[in-house]
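Student: Structure below; questions to follow.
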Amino acid sequence: MDISGLKEKAQILRRDIVDISYHAEGPSHPGPALSIADIVSALYFRVMDVDPANPSWEDRDRLVLSKGHACPAVYAALAERGYFDKSWLSTVRRLDSRLQGHPDMNKTPGVDMTSGSLGNGLSLGLGIALALGLLKKSCRVFVILGDGELQEGMVWEAAMSAAALKAGNLIAIVDNNRYQSCGTTCGIVPVEPIRAKWESFGWSASEIDGHDMAEIVKSLETAKQSAGPPAAIIARTVKGKGVSFMENDNAWHQKAPTAEQYGMAMRELDGPA
């Protein structure tokens with residue numbers, strides 16, 4: 001899919017994220033889901049080799065959503081890609097739903113790894129990457145982390161191990177929106193300079209505008225085609241991107257919109273209210 005098409009898909013994902021947040025049983029984290037919509041669009045509709053008709057295809061690329069609370073973005077992409085009917089999206093977080101508040105690989109077609117306990121995703125991704133390497137598979141493992149997660153020591157244990165074990169099939173994407181659940185990252189435990197940290201651990205690291213689709217695609221495809229060390233892409237993003245009253249307002253980390261706010265957001269995103 002070309003850049004224009006990917007932008008259109010990202011807009012569809014944003015509408016679905018807002019719709020999910022309105023209909024979900026409990027808070028569904030619209031802010032951190034909206035910040036990764038462009039990245040998720042690029043992954044599922046261009047970069048990753050996947051087969052919705054065969055979610056367990058052995059040679060598929062894998063995605064680990066380490067910041068599992070942002071799963072509405074991935075659920076929207078999986079539905080749009082054809083893994084399951086879009087009617088499922090109205091059931092997020094409900095009892096007996098196959099779309100829970102964090103990704104569950106045993107419930108949701110297309111989810112490669114259960115996640116939600118922050119800080120664990122890179123270690124899980126590394127384990128998958130090493131196993132694929134032993135099996136001589138050429139597929140790649142993408143891990144999306146929040147910048148607040150970088151405060152977790154386990155992230156850096158995995159980063160150190162990945163470089164030492166030459167896991168070149170592992171690609172980390174940091175959603176650098178500068179916020180975490182209770183405030184700004186710089187106001188809680190500063191994580192900058194992020195790129196220099198990854199490079200010091202032996203990774204190939206780059207910084208991009210996480211909402212510039214051409215830049216996103218170029219960085220992801222470069223990392224996927226590389227035969228070098230594991231790659232880290234630090235994506236500068238805006239929490240709540242696409243909905244003006246949600247952007248950079250951390251109240252929307254896990255807040256559900258009212259009927260009026262839902263209508264406003266959907267109109268901004270050119271969708272039916």
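The values are calculated or read from the model by the stated rules, or taken from the named source; none is laboratory data. None of the values given here were measured: they were computed from a predicted structure. A quick note on method: Cβ atoms are made from the backbone with ideal geometry, for glycine too, and the neighbour counts reach across all protein chains shown.
Student: Would you be able to tell me the number of residues in the stretch 242-269 that are more than 21 Å from Ser181 (Cβ to Cβ), charged (D, E, K, R) and within 23 Å of the chain's Cα centre (by Cα)?
Tutor: Residues in the stretch 242-269 being more than 21 Å from Ser181 (Cβ to Cβ), charged (D, E, K, R) and within 23 Å of the chain's Cα centre (by Cα): 1 in total.
Student: Here's something else I'd like to know. Out of (1) closer than 23 Å to Ser219 by Cα; (2) modelled with pLDDT of 95 or more, what's the single condition that is false for Pro55?
Tutor: (1)
Student: Still on this structure, I have one more. List the pairs whose first member sits in the stretch 45-61 and is under 22 Å from Glu8 (Cβ atoms), whose second member is of a type in the set (Gly, Ala, Ser) and not in a helix (DSSP H, G or I), and whose Cβ atoms are under 6 Å apart, counting only residues at least 6 apart or on separate chains?
Tutor: Note: pairs meeting the criteria are Pro52/Gly82.
Student: May I ask you to list the residues in the stretch 134-146 that are surrounded by fewer than 24 Cβ atoms within 10 Å (Cβ to Cβ) and either without any contact (Cβ under 8 Å) to a residue 60 or more places away in the chain or among the hydrophobic types (A, V, I, L, M, F, W, C) (or both)?
Tutor: The answer is Leu134, Leu135, Lys136, Cys139.
Student: Determine which member of the set Ala227, Ala235, Ala196, Ala205 is surrounded by fewer than 18 Cβ atoms within 10 Å (Cβ to Cβ), of a type in the set (Gly, Ala, Ser) and within 28 Å of Glu152 (Cβ to Cβ).
Tutor: On the way: Ala227 fails: within 28 Å of Glu152 (Cβ to Cβ); Ala235 fails: surrounded by fewer than 18 Cβ atoms within 10 Å (Cβ to Cβ); Ala205 fails: surrounded by fewer than 18 Cβ atoms within 10 Å (Cβ to Cβ).
Of the residues listed, the single one that is surrounded by fewer than 18 Cβ atoms within 10 Å (Cβ to Cβ), of a type in the set (Gly, Ala, Ser) and within 28 Å of Glu152 (Cβ to Cβ) is Ala196.
Student: Would you tally the residues in the stretch 177-230 being among the basic types (Lys, Arg), without any contact (Cβ under 8 Å) to a residue 60 or more places away in the chain and under 23 Å from Met160 (Cα atoms)? Quick ask: steps written out before the conclusion?
Tutor: From the stretch 177-230, those among the basic types (Lys, Arg) are 178, 195, 197, 218, 224; that's our starting set.
Subsequent filtering for residues that are without any contact (Cβ under 8 Å) to a residue 60 or more places away in the chain retains 195, 197, 218.
Checking the rest, the ones that are also under 23 Å from Met160 (Cα atoms) come to 195, 197.
Total meeting the criteria: 2.
Student: If Gly183 satisfies all but one of (1) over 18 Å from the mean Cα position of the chain (by Cα); (2) at negative phi, what's the number of the condition it fails?
Tutor: Unmet for Gly183, out of (1) over 18 Å from the mean Cα position of the chain (by Cα); (2) at negative phi: (2).
Student: With the structure loaded, tell me whether Gly148 is of a type outside the set (Lys, Arg), at pLDDT below 95 and in contact with a helix residue (DSSP H, G or I) (Cβ under 6 Å, 6 or more places away or on another chain) or whether it fails that test.
Tutor: Numbers: of a type outside the set (Lys, Arg): yes; at pLDDT below 95: no; in contact with a helix residue (DSSP H, G or I) (Cβ under 6 Å, 6 or more places away or on another chain): yes.
The answer is no for Gly148.
Student: What residue, of Ser21, Ser87, is buried (at least 24 other Cβ atoms within 10 Å of the Cβ) and over 13 Å from the mean Cα position of the chain (by Cα)? Working first, answer last.
Tutor: On the way: Ser87 fails: buried (at least 24 other Cβ atoms within 10 Å of the Cβ).
The match here is Ser21.
Student: Do any helices (runs of 4 or more DSSP H) entirely within the stretch 4-106 hold 1 or more residues that are of a type in the set (Ser, Thr, Tyr), and if so, which? Steps first, please.
Tutor: Values: elements: 30-34, 37-42, 71-81.
It comes to 37-42, 71-81.
Student: How many residues are charged (D, E, K, R), more than 18 Å from Leu65 (Cβ to Cβ) and in contact (Cβ under 8 Å) with a residue 40 or more places away in the chain if we restrict to the stretch 147-175? Walk me through it before giving the result.
Tutor: If we filter the stretch 147-175 for residues that are charged (D, E, K, R), which is where we start, we get 147, 149, 152, 157, 166, 175.
Then keep just the ones that are more than 18 Å from Leu65 (Cβ to Cβ); that gives 157, 166.
Right, trim to in contact (Cβ under 8 Å) with a residue 40 or more places away in the chain and you get 166.
The number of residues fulfilling the criteria is 1.
Student: Look through the stretch 52-82, keep the residues that are under 26 Å from Asn176 (Cα atoms) and of a type in the set (Gly, Ala, Ser), and return whichever of them is surrounded by the fewest Cβ atoms within 10 Å (Cβ to Cβ).
Tutor: It comes out as Ala79.
Student: Okay, next question. Can you go through Val217, Val243 and tell me which one is modelled with pLDDT of 95 or more, within 29 Å of Leu126 (Cβ to Cβ), outside any strand (DSSP E or B) and not small (Gly, Ala, Ser)?
Tutor: Working: Val243 fails: within 29 Å of Leu126 (Cβ to Cβ).
Within the list Val217, Val243, the selection yields Val217.
Student: Are there any strands (runs of 3 or more DSSP E) wholly within the stretch 115-213 with 2 or more residues that are closer than 16 Å to Ile36 by Cα and out of contact with any Leu (no Cβ under 8 Å at 6 or more places or on another chain), and if so which? So that I can check it myself, show each step before the final result.
Tutor: Working: elements: 141-146, 170-176, 204-209.
By residue number, 204-209.
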